[in-house]
Amino acid sequence: MTAHAGNDRHPRLRRFIERAGHPLFLLGALALWWSLGRSEAAALVAAAITLLSMEWLERAIPAKPGWRLPARARFALAGWYVAILLVAGLVLASYEALVTPALVGVRERLGLGVWPAHWPVLPQLLGLYFAADLIYYWIHRAIHRFGWLWRLSGHGVHHAFHNLHALNVSATHPLETLFLTLPMVLLAGLFGAPPEAVSGALVLLVVNGTLAHANLSMETPVLGWFFTSSNQHRRHHSQVFEDSNSNYACNAILWDRLFGTYRDGDVAQTGIGPRQPTVWEMLKMPWREPADAETAVSRGRSRPSITRAAE
């Protein structure tokens, strides 16, 4: 368990959230999405309510009390969240217009339209959830392995922040939205997953990603073998380079367990260097990284292989 401040004002709430918060928030988000008509708007409402809840809990029972966000930083991250949401919407619309027709053609030629659309919605969206994160697991792992892909994706921005919070879930470079949205586009286009199942899976992915970045201690027995928790994902953001090369599955930690990249352990600080870069430095990271950053680019060819780095 993460160390807490000596004067814990809400010990019962802390214990409850640590053990039961993760599944309750996931189930609650799905229930809200379902009750509001299973639309894209319902998905946005579920994501917003989760984020606001995390904001309150991070102030009441933070896993790292010293990581409290100043109001100005919180406002900036909230603006970033909205901006990336808009960019992701544009990217998805572009994929829908330019990529999906080609994928549908491939599906028809190769007979890949095998998605079990007759199943209940819940197993369908769970299948999409785990399949999408399996695809992104390998994309994410490659990004950390190859300096050129780290630059191309702008992934350094997401890792550059000190003191991780739920709002950091969307604190990425606009270029990275091309990679983050791709798995679901591939699954829907190639295998014919219906829009309702895609929408529900996106609710789970966004909400779990928010929980995974939260400054809260969450470690639910059994669930933690399959769904990535905040305690697990925090290690991936560690300022210690070797520690950050683990727990690549942002949502389905099952894949790290299966492929040998899962690691336990507390984190003293997140980030890629001794200081947090400015916003302008972050936006330039695909072309120029701060001199004090330690990343896949700065390590270059001397960096250990991905397998050894995770050991």
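A short reminder: the numbers here are calculations on the coordinates, not readings from a lab. Bear in mind the structure is a predicted one, so any value in this text is a computation, not a measurement. Neighbour counts are summed over all protein chains in view; Cβ atoms, including those assigned to glycine, are modelled from backbone coordinates with ideal geometry.
A few remarks follow.
- Burial ranking of peptide ranges 163-174, 48-59, 91-102 (average Cβ count within 10 Å, highest at the top): 163-174, 48-59, 91-102
- Value of [θ]222 nm, deg cm²/dmol, for the chain, DSSP H segments ≥ 4, -39500 (n - 2.57) each, nearest 500: -17500 deg cm²/dmol
- Working note: Cα atoms of region 11-309, range along each principal axis, descending, whole Å: 51, 49, 35.
- Span-rule helices in the chain, defined as complete DSSP H runs reaching 24 Å or more along the axis (Cα) with Kyte mean at least -1.0: 40-60, 71-98, 121-145, 195-213
- Under 5 Å from the amide H of Thr270 lie the amide H atoms of Asn163, Leu164, Gln239, each residue being 5 or more positions distant or on a separate chain, with H modelled from the backbone and absent for Pro and chain starts.
- As a calculated quantity, the FRET efficiency between Leu85 and Ala20 at R0 = 25 Å, using C-beta atoms, amounts to about 0.30.
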